[in-house]
Amino acid sequence: MTFTDPKSLAPLGIPLHPTQLYSALNALAIFFVLMAVRRIKHFDGEIFWLYLCIYSFTRFFIEMVRGDDRGMFFSGLFSTSQVVGMGLFLLSLFMVSYLWRRSALSRGKNRSTRG
């Protein structure tokens with residue numbers, strides 16, 4: 001997509017990716033994944049942490065094709081949104097892992113006390 005209207009806030013004459021469209025399609029895809037996972041969830045909070053994990057991961061890559069400058073970290077390698085996304089991705093992976101193990105332990109204890 002190339003903007004030519006001088007009244008637009010986008011850079012003129014430079015081809016840009018339609019990242020708003022990518023984000024909308026990403027949200028729709030995440031919705032369908034989470035609706036499928038909802039039927040087999042193992043612990044409370046699983047859907048939330050999976051959403052955060054998937055969203056931050058995919059947002060990291062969508063940010064790579066954006067054509068605007070939003071702050072840079074690590075000598076211009078990552079934008080602010082990518083750094084935040086990396087942090088949230090790592091946090092959500094930790095939480096899913098922690099809650100999964102905690103849930104598995106409690107399921108194991110419940111089975112041993114019944115028998």
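Computed from the coordinates by the stated procedures, all read-outs in this text should not be read as laboratory data. Model, not experiment: these values are computed from the prediction. Backbone-built Cβ (ideal geometry, glycine too); neighbour counts: all protein chains shown.
Counting only alpha carbon atoms, the long axis of helix 46-64 and the longest principal axis of the chain meet at about 20°. Against the main long axis of the alpha-carbon atoms of the chain, helix 80-114 sits at an angle near 10°. Residue exposure proxy: 49, 100, ordered by other Cβ atoms within 10 angstrom of their Cβ from fewest to most, comes out as 100, 49. Helical runs assigned H by DSSP (4 residues or longer) give the chain a calculated mean residue ellipticity at 222 nm of -23000 deg cm²/dmol, each run adding -39500 (n - 2.57) before division by the residue total. Applying 1/(1 + (r/R0)^6) with R0 = 22 Å to the Cβ-Cβ distance of residue 72 and residue 10 gives a FRET efficiency near 0.70. Relative contact order for the stretch 19-101 using alpha-carbon pairs under 8 Å, separation at least 6, rounded to a whole percent? Value for the stretch 19-101: 34 percent. Here the stretch 45-64 is scanned for amide nitrogen atoms under 18 Å from the site 7 Å beyond the Cα of residue 105 along Cα-to-Cβ, giving 45-46. Here's how it looks for residue 78: its modeled amide H is under 5 Å from those of 73, which are all 5 or more places away or on a different chain. With R₀ set to 41 Å, the beta-carbon distance separating residue 65 from residue 91 gives a calculated FRET efficiency near 0.95.
Seen from a random direction on average, the alpha-carbon convex hull of the chain projects onto 9.2 square nanometres.
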